[in-house]
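Written out below as structure tokens is the structure these notes cover.
The values are calculated or read from the model by the stated rules, or taken from the named source; none is laboratory data. Quantities reported herein were computed from a predicted structural model and do not represent experimental measurements. Because the Cβ atoms are built from the backbone with ideal geometry, glycine has one as well, and the counts that use them run over all protein chains shown. Only protein heavy atoms, including side chains, enter the accessible area calculation; ligands, DNA and RNA are left aside. Shrake-Rupley method; radii C 1.70, N 1.55, O 1.52, S 1.80 Å.
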Amino acid sequence: MRARVIGAGVAGLCAAYALARAGVEVELVERHVSPGQGCSRFAGGMIAPWCELESAEPIVAELGQEGLAFWTRDLPVAVVAGSLVVAAPRERAELVDFTRRTSHFERLDAAGVAALESDLAGRFDAALYFPQEAHLDPRAAMAALAQRLAAMENVAQHFGVAAEVRTPAPDWTIDCRGFAARDALPGLRGVKGEMIVLRSADVALARPVRMLHPRRPVYVVPRGEGLFMVGATMIENEERARVTARSVVELVNSAFAIHPAFAEAEIVEMGSDLRPAFSDNLPRLIRRGQTIYINGLYRHGFLLAPALARRVAEVVLHGAHFPEVFDADSGERAPA
């Protein structure tokens, strides 16, 4: 059995790995000169299935728990330190709403917040702590996965080439091109996300901190060595690379509201790209003949990619059916 995986973002890398581990001969093809150069590069890296229930359907949390197991056990690059969700006192209603839509959390008072994150002592008098959740550095995670693939004898990786020039034809093609697959998936749209990376020696956080706000929610994810990723905007346009001054100001102001020292932090990086999404923001596996598209992961790429990749391997090897994630193009029902 031979499979060609097109695209070496997190979905393509996970698909190639799942297939290769199952014994399939895998050819990974990527138009960039190295893996992880698409929107996965700018992800927050929060493996937070229960937090995501705040705005996502239950299937995202269900699949996301498989992702949590993958990144902490199969490829242990994630840190299990939990997620902390806070809100300013005047936004307490946001925190109450968050509790109604999520699960697997502990309620903290001001003393509990200070005990968990001493740098936030005296700043928030209530919070939610999701102790089982994890976070990772997306670029390091993709590099580790690419290294695993490079060590496997049944995997060939080709970078800087177009999939169309590869021969001979494989038994299966797994299309993981993200937004670039809009030529084949007309229902796909791009949702722009912008992020900044700050460096500060005056802030110490051990876990992602989400601050709720009705208009400007933000999360800060520690990346080690004084680096913090701050994100991410969700803008319904398809301007891939442009980071706006408005977004930078809002992200910095929101980070400042979490910890004042961020006002003096160095801006190390700014970036943006398009998250591929369908109208309901739910993922799809779309089968057309011997081609399967993995797409529509929206803002949940690292959370969902391992579970979707495992399902693709089951389809390729055993003809399995997973109607909860298969699109109507294949004759299966799409997610509700």
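Across all C-alpha atoms in the chain, the radius of gyration and Dmax reach 19.9, 63 Å. When the convex hull of its Cα atoms is viewed from all sides, the stretch 215-336 shows a mean projected area of 9.9 nm². Axis angle, to the nearest 10 degrees, between helix 58-69 and the longest C-alpha principal axis of the chain: 90 degrees.
Net charge in the neighbourhood of E236 (other residues with Cβ under 12 Å of its Cβ; Lys, Arg +1, Asp, Glu -1) is +1.
Based on the Cβ-Cβ distance from M234 to A263, what FRET efficiency comes out when R0 is 25 Å, to the nearest 0.05?
Working: r = 24 Å, r/R0 = 0.96.
According to the calculation, E is roughly 0.55.
Once the Cα atoms are used to define both axes, helix 10-21 deviates from the longest principal axis of the chain by about 50 degrees. Debye-formula intensities of the stretch 98-196, expressed as log10 I(q)/I(0) at q = 0.11, 0.13, 0.23 Å⁻¹, are -0.70, -0.84, -1.30 (one equal scatterer per alpha-carbon, no solvent).
The share of Cα pairs per 10 Å bin across the stretch 170-231, counted from zero up to the longest distance, runs 17, 30, 23, 21, 8, 0 percent.
Entry comment: accessible area of the stretch 90-169 is 53 Å² per residue, from protein heavy atoms only and a probe of 1.4 Å. Going 7 Å from the Cα of F256 toward and past its Cβ, which residues in the stretch 262-284 have a backbone nitrogen under 17 Å from where you end up? The answer is 262-268. Per-residue extension of 0.36 nm, minus the Cα-Cα distance of M1 and R107, leaves a gain of 33.1 nm for this segment. With 0.36 nm allotted per residue and the present C-alpha distance subtracted, the V33-I59 stretch has 5.9 nm of extension available. Each residue, N154 and E25, gets one label point 7 Å from its Cα in the Cβ direction; the gap between the two is 1.1 nm.
Think of each Lys and Arg Cβ as +1 and each Asp and Glu Cβ as -1; about the Cα centre, that makes the dipole of the chain roughly 380 debye.
Measuring nothing but protein heavy atoms, the accessible surface of the chain at 1.4 Å probe radius is 50 percent carbon and sulfur. The angle between the Cα long axis of helix 245-258 and the longest principal axis of the Cα atoms of the chain comes to about 60 degrees, rounded to the nearest 10.
Our analysis of the stretch 255-299 gives Rg over Rh at 1.32, with the two radii drawn from alpha carbon positions and Rh computed by the Kirkwood formula.
The value for the stretch 17-109 of Rg(Cα) / (2.2 N^0.38 Å) is 1.42.
If I stretch the segment between A201 and F322 completely, what's the gain in nm (0.36 nm per residue apart, minus their alpha carbon distance), one decimal?
Numbers: separation 121, 0.36 × 121 = 43.56 nm, distance 4.73 nm.
So the extension gain works out to 38.8 nm.
Note on T291 and A162: their simple-model spin labels are 1.4 nm apart, each label 7 Å out from Cα toward Cβ.
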